[in-house]
Amino acid sequence: MIDMHAHCLPRITRDEALAVDVERAPWLDIEAGGQRGHIMLGDRRFRPVTSSLWDPLQRVAELDAQGVALQFVCATPVMFGYAWPAERAADWAARMNEHVLGYCAAAPTRLKALAQVPLQDVELACREASRAMDAGCVGVQIGNHVGERDLDDEGLVKFLIHCAERHIPVLVHPWDMMGGNRMKKWMLPWLVAMPAETQLGMLSLILSGALERIPASLKICFAHGGGSFAWLLGRVDNAWKHRDIVRQDCPQLPSSYARRFYVDTAVFDPGALRLLTDVMGTDRVMLGSDSPFPLGEQRIGSLVRESPYLDEADRQRMLRGNAEAFFGLTRV
């Protein structure tokens, strides 16, 4: 199997983080024994984590146990730094990309790196994406928005065009979720707002007409099965047919653009996966575990392997073949 959506967070020290931003730059507070720790934001605990997040040999041991041949790892989204001054974020992104490449260098046939970029500045983002690819990254991960700027923002569209022209695959990950204090308990930002953020990113590209300007060669994948996109696409088509304000910038039925996108399999339910493959096509759905976090798939690939309506060819496409095509891999 090839798992195309997993995260790491390098051994960023407190001093390294606080030199960048005393409140928001992440670092690792590793407990005695080295097996557990916390992601810290300034001096505030953000999330408990285990050693595979920063220890590549532990990660490879887990891949062996799960039967995963290759895993693509990328920044934990708190590493993005989109709210910082652009030059500071560019320096941070370059250093984080070198950290992630170092993580993957411990097992280069098993781990591949996706870069992060200073997306708040399109020129710096394009420059770092190209530099990171030359340094050994195999794609980029971006957030679905930068502050109030969604993916239809002209600067972000320019970045996606750059990636299309230079054959840089893009993973879009939701982050910095909407909702504020209305979702302060029970992980509701991750359970409600995160899927909505992903759908918002996808519809921003479709309804704005941005996909008419972005080359069809762009390889772009949206995490977590595309969030709520597939489940509400019928509502969007209905609105496009009956409200001119919905279709004013979008010349084609919204559902006709769905297969311009890829999504991962992190939906956790056979019925959900069936609808997702009906909407996106089995050639546009790739295994993605969201490891090593608790909201990820704990038995990697089990949803695809155990879904009875998939034939063996579909399973093989989703478990590895689609990722090989997306990233331009030779057989691994």
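The values are calculated or read from the model by the stated rules, or taken from the named source; none is laboratory data. Not measured: the values here are computed from a predicted model. Glycine also receives a Cβ, built like all others from the backbone with ideal geometry; neighbour counts cover every protein chain displayed.
Which residue is surrounded by the fewest Cβ atoms within 10 Å (Cβ to Cβ), if the candidates are limited to segment 294-320 and must be part of a helix (DSSP H, G or I) and without any contact (Cβ under 8 Å) to a residue 24 or more places away in the chain?
Glu312
Could you tell me which residue of segment 36-74 is nearest to Met1 (Cα to Cα), considering only residues that are basic (Lys, Arg) and surrounded by fewer than 15 Cβ atoms within 10 Å (Cβ to Cβ)?
Filtering first and then ranking leaves Arg36.
Give, as residue ranges, the helices (runs of 4 or more DSSP H) completely inside segment 186-249 that count at least 1 residues that are over 16 Å from Val172 (Cα atoms) and at pLDDT below 95.
Details: elements: 194-207, 229-242, 244-247.
Helices (runs of 4 or more DSSP H) meeting the threshold: 244-247.
Do you know which residues across segment 230-256 are within 16 Å of Asp150 (Cβ to Cβ) and touching a residue at least 40 places away in the same chain (Cβ under 8 Å)?
Asp249, Cys250, Pro254
Quick one: which residue in Leu191, Leu233 is in contact with a helix residue (DSSP H, G or I) (Cβ under 7 Å, 6 or more places away or on another chain), farther than 24 Å from Cys137 by Cα and not charged (D, E, K, R)?
Leu233
Checking His167 against (1) within 30 Å of Ala132 (Cα to Cα); (2) touching an Asp or Glu at 6+ places or on another chain (Cβ under 8 Å), which single condition isn't satisfied?
(2)
Can you confirm whether segment 284-292 contains a residue that is surrounded by fewer than 17 Cβ atoms within 10 Å (Cβ to Cβ), under 26 Å from Ile168 (Cα atoms) and under 18 Å from the mean Cα position of the chain (by Cα)? Step through it out loud before you land on a result.
So in segment 284-292, the residues surrounded by fewer than 17 Cβ atoms within 10 Å (Cβ to Cβ) come out as none.
Looking for residues that are surrounded by fewer than 17 Cβ atoms within 10 Å (Cβ to Cβ), under 26 Å from Ile168 (Cα atoms) and under 18 Å from the mean Cα position of the chain (by Cα), one finds none in segment 284-292, hence no.
Tell me, please, whether a residue that is touching a residue at least 60 places away in the same chain (Cβ under 8 Å) and farther than 23 Å from Gly81 by Cβ can be found in segment 8-15.
The answer is no, given that none of the residues of segment 8-15 is touching a residue at least 60 places away in the same chain (Cβ under 8 Å) and farther than 23 Å from Gly81 by Cβ.
Table: residues versus (1) crowded, with 18+ Cβ neighbours inside 10 Å; (2) of a type in the set (Gly, Ala, Ser); (3) under 24 Å from Gly102 (Cβ atoms); (4) touching a residue at least 12 places away in the same chain (Cβ under 8 Å).
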| position | (1), (2), (3), (4) |
| --- | --- |
| Lys112 | yes, no, yes, yes |
| Leu119 | yes, no, yes, yes |
| Glu123 | no, no, no, no |
| Ala132 | yes, yes, yes, yes |
| Ala135 | no, yes, yes, yes |
| Val140 | yes, no, yes, yes |
| Gly147 | no, yes, no, yes |
| Lys158 | no, no, no, yes |
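Could we say that Glu98 is acidic (Asp, Glu) and closer than 25 Å to Pro48 by Cα here?
yes
Considering only residues that are within 16 Å of the chain's Cα centre (by Cα), more than 16 Å from Pro108 (Cβ to Cβ) and of a type in the set (Phe, Trp, Tyr), which ones fall in segment 52-94?
Matches in segment 52-94: Phe80, Tyr82.
Taking the stated definitions as given, is Arg59 among the charged types (D, E, K, R) and without any contact (Cβ under 8 Å) to a residue 60 or more places away in the chain? Explain how you work it out, then say what you get.
Working: among the charged types (D, E, K, R): yes; without any contact (Cβ under 8 Å) to a residue 60 or more places away in the chain: no.
No; evaluated as a whole, the condition is false for this residue.
One line per residue, one yes/no per condition, for (1) farther than 27 Å from Lys112 by Cα; (2) in contact with an Asp or Glu (Cβ under 8 Å, 6 or more places away or on another chain); (3) among the β-branched types (Val, Ile, Thr):
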site: Leu18; (1), (2), (3): yes, no, no
site: Glu23; (1), (2), (3): yes, no, no
site: Ile30; (1), (2), (3): no, no, yes
site: Gly34; (1), (2), (3): no, yes, no
site: His38; (1), (2), (3): no, yes, no
site: Phe46; (1), (2), (3): no, no, no
site: Val49; (1), (2), (3): no, no, yes
site: Leu53; (1), (2), (3): no, no, no
site: Arg59; (1), (2), (3): no, no, no
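For the list (1) touching a residue at least 24 places away in the same chain (Cβ under 8 Å); (2) of a type outside the set (Phe, Trp, Tyr); (3) surrounded by 16 or more Cβ atoms within 10 Å (Cβ to Cβ); (4) farther than 20 Å from Ile142 by Cβ, I need the number of the one condition that Gly102 fails.
(3)
Taking only pairs six or more apart or across chains, which ones have beta-carbon atoms under 9 Å, a first residue in segment 83-95 that is surrounded by 15 or more Cβ atoms within 10 Å (Cβ to Cβ), and a second residue that is assigned to a helix (DSSP H, G or I) and among the aromatic types (Phe, Trp, Tyr)?
Between residues of segment 83-95 that are surrounded by 15 or more Cβ atoms within 10 Å (Cβ to Cβ) and residues that are assigned to a helix (DSSP H, G or I) and among the aromatic types (Phe, Trp, Tyr), the close pairs are Trp84/Trp92.
State the number of residues belonging to segment 35-56 that are out of contact with any Leu (no Cβ under 9 Å at 6 or more places or on another chain) and of a type in the set (Val, Ile, Thr).
Final tally of qualifying residues: 1.
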